[in-house]
Amino acid sequence: MSDVVIHVENIGKKYRVRHQHLERYVALRDVLSRRTRQLWQGLRYRKAFHPPSFEEFWALKDVSFQVKRGDRVGIIGRNGAGKSTLLKILSRITEPSTGFIHLRGRVASLLEVGTGFHPELTGRENIFLNGAILGMTRMEIRRKFDEIVAFAEVEKFLDTPVKRYSSGMYVRLAFAVAAHLEPEILVVDEVLAVGDLAFQKKCLGKMEEVSGQGRTVLFVSHNMQVIRDLCSRGLLIDQGAILVDSTVEDALTRYNQCLRNQTLDVQTGVNRLTNRRGSGQVRFSEIALLNQVNSENYYFIGGETVRFRFSYQVFSDVKELALAIRLRSGTTGEFITSDFHIISDRSIPAGTQNTVWVEWSSPNIRPGEYPLYFWLGDSLMRPYDVVDDMTHPMVVNMNVNDSSIKTHPSNLVGVFSPDSRLLTTRDM
């Protein structure tokens, strides 16, 4: 028990969601005039208005786990699953409705831009303020001060009120303070995504260093590759409950299954998946990845044939139809390749339903996890439907039994593996 620094026992967080029943939009002038009439007529408030109703919503329910000293725990889940609520409770920003938490050591948290900073104070003053909140003496803060400033790269603006900082500068300084003031527990939410790529890598390296010193890191991110690289343990949260508490790979596998189980058809896709874009003249009704024997599969060996099956429905006449498939980097989110096809260069009437197939023969993609982007539109790149990172990502593994694959670590860097051979002067 001496190595356990976080002990969570059956915690829950309940909110009351307010619903106001009004027949129409009510402006302030309507409220004021109605209340004035009530005073003159001697009527009570409850006769003029429908009282609001309340609904209970459990953001977390019966959550229990333990974290040991030096653990790097990745917390994953869909938006609204309860991840941020859990971190706020662990950071003592909000109290749980049920259960209890026992923490051993100081907790430094970075949950959103500006957490723990006073906007009217300068960067210098906020460093000392945060250190004092963490229980550090002024001498301890001074010893770390230069290191914090150098890491955050805000020397020129150190005596400027932080309310004038950009979001990137805010995050750089906030993370530098949280990581360098020697907390026993470091809690970081998705806020690092605000910084540029170079600073993100710098922060990840610092978190690895912090955990190597025996301190504990809890990290929330939607970047699965970063979770895989940084964390040694995974917590998957869904609808306020822990589904998986195991290795990172187990948690990510179950998370991808949850994503895949989201029904992606014409109606639910449009109504429930908010980042589905396009005019809606044509919509995907099915998207599936298959192997070379046409079995649905999202896990491939490097060099294995990949097939895509798309079904679509036309809701209004279109003059032509094109399809694009793109892969994103699992680390940076950038597009790393694109595939474009004209499905039909003739008019397609409303009501048409069809299925098309695309095959990638022996793609030389290195091992990794690649979010998928699918697009329907016309040749002028006007979109009818866009499905971006809503399906199970494509996962590429290395075939360790294939002796032809160069397994030296340096050969696994990057995205694509070119067909190459060493040329000597004699060959040339």
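The values are calculated or read from the model by the stated rules, or taken from the named source; none is laboratory data. The structure displayed is predicted, hence computed values, not measured ones. As a convention, Cβ positions derive from the backbone with ideal geometry for all residues, glycine included, and neighbour counts pool all protein chains shown. What goes into the accessible areas is simple: the full protein's heavy atoms, side chains included, and nothing from ligands, DNA or RNA. Shrake-Rupley method; radii C 1.70, N 1.55, O 1.52, S 1.80 Å.
Structural remarks
- Each residue in the range 323-361 was checked for being in contact (Cβ under 8 Å) with a residue 40 or more places away in the chain and surrounded by fewer than 12 Cβ atoms within 10 Å (Cβ to Cβ), and 5 of them qualify.
- Hits in the range 1-31 (condition: at pLDDT below 85 and either aromatic (Phe, Trp, Tyr) or part of a strand (DSSP E or B) (or both)): Arg16, Val17, Arg18, His19, Tyr25
- Helices (runs of 4 or more DSSP H) contained entirely in the range 72-159, each with at least 2 residues that are surrounded by 16 or more Cβ atoms within 10 Å (Cβ to Cβ) and free of Cβ contacts under 8 Å to residues at least 60 places away in the same chain: 123-133, 138-152
- Of all residues in the range 405-416, one or more are open to solvent by less than 60 Å² (accessible area, probe 1.4 Å) and either at pLDDT 90 or above or not in a loop (DSSP other than H, G, I, E, B) (or both).
- Spans of strands (runs of 3 or more DSSP E) in the range 187-296 with at least 2 residues at pLDDT 80 or above and surrounded by 21 or more Cβ atoms within 10 Å (Cβ to Cβ): 216-220, 233-238, 282-290
- Hits in the range 297-322 (condition: surrounded by fewer than 15 Cβ atoms within 10 Å (Cβ to Cβ) and among the basic types (Lys, Arg)): Lys319
- Just so you know, in the range 166-186 the residues that are open to solvent by 10 Å² or more (accessible area, probe 1.4 Å) and part of a loop (DSSP other than H, G, I, E, B) include one that is modelled with the highest pLDDT, and it is Glu184.
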